[in-house]
1. With viscosity set to 0.692 mPa s and temperature to 37 °C, compute the Stokes-Einstein D of the stretch 123-236, Rh being the Kirkwood radius across alpha carbon pairs; µm²/s, no decimals.
2. Taking the Cα centroid of the stretch 293-344 and of the stretch 122-159, what is the distance between the two, rounded to the nearest whole Å?
3. Arranged by the count of other C-beta atoms within 10 angstrom, fewest first, what order do 212, 230 take?
4. Would the stretch 179-245 count as rounded, prolate or oblate if I go by the C-alpha gyration tensor, calling it rounded below 1.5 in a/c and otherwise prolate when a/b exceeds b/c, oblate otherwise?
């Protein structure tokens, strides 16, 4: 009786261990993008002779899984986007390549004394800069994206520290969150030719930017002098120093950073027809089909019929059964991965239907959270996170990372919730269409946005304008 209980306990523990191993393997397979999955499958077939590839007919998807050079949309890192045509997709999670001869940021990062994790975060920051070299994302957003896309547990405080380190790179001002910080970084950097007088002017310029920026940007220099209790002549000298700063440090990387566009293999193909039907499929590389070897199956299935198996036949059966069981578990996890990916992509497509039917117009992106997809598919939010991480979808207009479609930040427009991406695009469109001789103030932009149905305050307009690296109206007019 005791022996039977022990055997049952051992069998239960073995079953639990097998389930745990399968869960770990499934989580691993789920988070792999197409290229990495191909490598994992190759390794699995080399290690397990009971796993064989199924022959797949050549079709239009075969070429879609080959390396595809990305095009980049307006929110892609500037020095990546400039090297890629046609535009229309986004890969903000790209990390800098230290081997690129022209990438001055990557070379500087490579020279720093960093851990591997710190270097990855620094590279990610470099890949998140906008066209002018500004870092629009806050520390929490960067920490969330690192956890979401790279499975890195980095606190916002640690991100803040590394952003500060990143801002010490050249050109000075790179990685600033807004124009004020960009100017402050440049003004705070001492110059070899500084004299006691210019150092005093530099300190005053820093005070102006930090303490009375709104009045300075509006060119109320007399008021600046009164507020800071300094002579107007000193304010004029500080003004000249500020105006010598570069408000667009990222432009210095244009000629010095001619890197090649990265190459990825999309995991999904999404095609929309004129009737509004959306078809989703996995690309051939992301959907490699395997099977259990017929030879190994034959050994396992024929063994029970042997009347008196020899020792060699017993050993062959034990070996073959172990390989077949391992192969079946791997195949089951591949199939489960396939189902979760397709259901996840379908849920994204259902929510972002206006985008996919609207020629990939970013203004049509809808608010979407990981939890929304998890509820729709009926799986845990962590599973959705793994399914979306490092995955790409190819449409008729470009290739996009799945994380591009998740946007939890919303604002009300005409009584409905819209994403902050739509708000930024609308704001940028107003600024780009303004009269260069008479740029729109934040107050005017606010009124125009409200006329379009957006409910927002002037300070919100200023916040998003700063995040996009767009200077104030006074600076855009050239009067500063």
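Taken together, the values in this text are just the output of simple stated rules run on the coordinates, not laboratory data. Remember, it's a predicted structure, so these values are computed and weren't measured experimentally. Neighbour counts run over all protein chains shown; Cβ positions are idealised from the backbone, glycine included.
1. Reported coefficient: 206 µm²/s.
2. 45
3. Ranked by crowding around the Cβ, least crowded first: 230, 212.
4. Oblate, because a/c is 1.5 or more while a/b does not exceed b/c.
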